[in-house]
Amino acid sequence: MTPKLINKIELPLIGNENGDLSFCESGKSIPFEIKRVFYISNVRKDDKRGFHAHHKTKQVLFCIQGSALIKFDDGKNKDEILLDKQNIGVLIDSKVWHSMENFSEDLIMLVLASEYYDESDYIRNYQDFLDFVN
Ligand code: T46
């Protein structure tokens, strides 16, 4: 069976008169041990990011403020998801080409990663990616 490209992760959203709270836990709602956290902000609507795959790193993306369109490509199938809720994330598995666009200008994207930063884990050329996965 073809693995699903879009794996959504829904976190609790605990709201009261003082605001909303969501939480996630390494190895529980996040399906790997979290070794790295980074965040992206100050984007413009027409910016586009990503356009790479990872040999090993898995990531979960959340738009904790604003929204972004996340595109996936495993070399055979393509899919996309609009992230626009603080408690809905999406898993980016290793060996999946991905990009992010259609940013809202108030975006704050939080990314949880399974590996420490290592540029040699990136495949940044699309033809190299296709050669690698096929
Ligand atoms: C991904 C998407 C969702 C570091 O030095 N350490 C880090 O942990 C990261 C994430 C990046 N960097 C450096 C590497 C580049 O010089 O920051 C610069 C911008 O990174 P990049 O162009 O890869 O940014 P994005 O937004 O295209 O991709 C990032 C992640 O790099 C990537 O793993 O999947 O977010």
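Just so you know, all these numbers are worked out from the coordinates, no wet-lab data involved. Fair warning: this is a prediction, and the values are worked out from it, not measured in the lab. Methodologically, a virtual Cβ is constructed for each residue, glycine included, from the backbone with ideal geometry; neighbour enumeration extends over all protein chains shown.
Work out the length of the dipole vector of segment 71-117 about its Cα centre, built from +1 on the beta-carbon of each Lys and Arg and -1 on the beta-carbon of each Asp and Glu, and round it to the nearest 20 debye.
Its charge dipole is roughly 180 debye.
Pick out, from GLY89, PHE38, PHE23, the residue whose Cα sits farthest towards the positive end of the charge dipole of the chain, with +1 on the Cβ of Lys and Arg and -1 on the Cβ of Asp and Glu.
The residue sitting farthest along the positive end of the dipole is GLY89.
Are there chymotrypsin sites (Phe, Trp or Tyr not before Pro) in segment 93-134 that DSSP puts in a loop and that have at most 16 other Cβ atoms within 10 Å, and which ones?
Here the sparse-neighbourhood loop sites are TYR116, TYR117.
Taking θ = phi - 60°, what integer Hz values does the Karplus form 6.51 cos²θ - 1.76 cosθ + 1.60 yield along segment 89-99, in sequence order, with x for Gly and Pro?
x, 9, 7, 10, 6, 5, 6, 10, 5, 9, 8
Springs between alpha-carbon atoms under 10 Å, Gaussian network over the chain: tell me which of SER29, SER67, SER104 tops the mean-square fluctuations.
With Cα springs under 10 Å in the chain, the top fluctuation among SER29, SER67, SER104 is at SER29.
Taking the mean number of other Cβ atoms within 10 Å as a proxy for protection, how do you rank 39-45, 71-77 from highest to lowest?
Details: 39-45: 12.9, 71-77: 16.4.
Per-residue mean Cβ counts within 10 Å order the peptides as 71-77, 39-45.
Which parts of segment 97-119 would a label at PHE32 reach, counting a residue when its backbone N lies under 19 Å from a point 7 Å out along Cα-to-Cβ?
Zone members listed by number: 97-100, 109-119.
Might you report the magnitude of the Cβ-based charge dipole of segment 7-133 about its Cα centre, with Lys and Arg at +1 and Asp and Glu at -1, to the nearest 20 debye?
Values: 16 positive and 22 negative charges, 32 e Å.
About 160 debye.
Roughly how large, in nm² to one decimal, is the mean projection of the convex hull of the alpha-carbon atoms in the chain?
8.8 nm²
Once every DSSP H run of n ≥ 4 in the chain is given -39500 (n - 2.57) and the sum is divided by its residues, what mean residue ellipticity at 222 nm do you get, rounded to the nearest 500 deg cm²/dmol? Before the final figure, lay out the partial values.
Working: 1 runs with 8 residues, N = 134.
One gets -1500 deg cm²/dmol as the mean residue ellipticity at 222 nm.
Among the aspartates and glutamates, which have Cα under 20 Å from the Cα of LYS4 when same-chain residues fewer than 8 positions away are ignored?
ASP73, ASP74, ASP79, GLU80, ASP93
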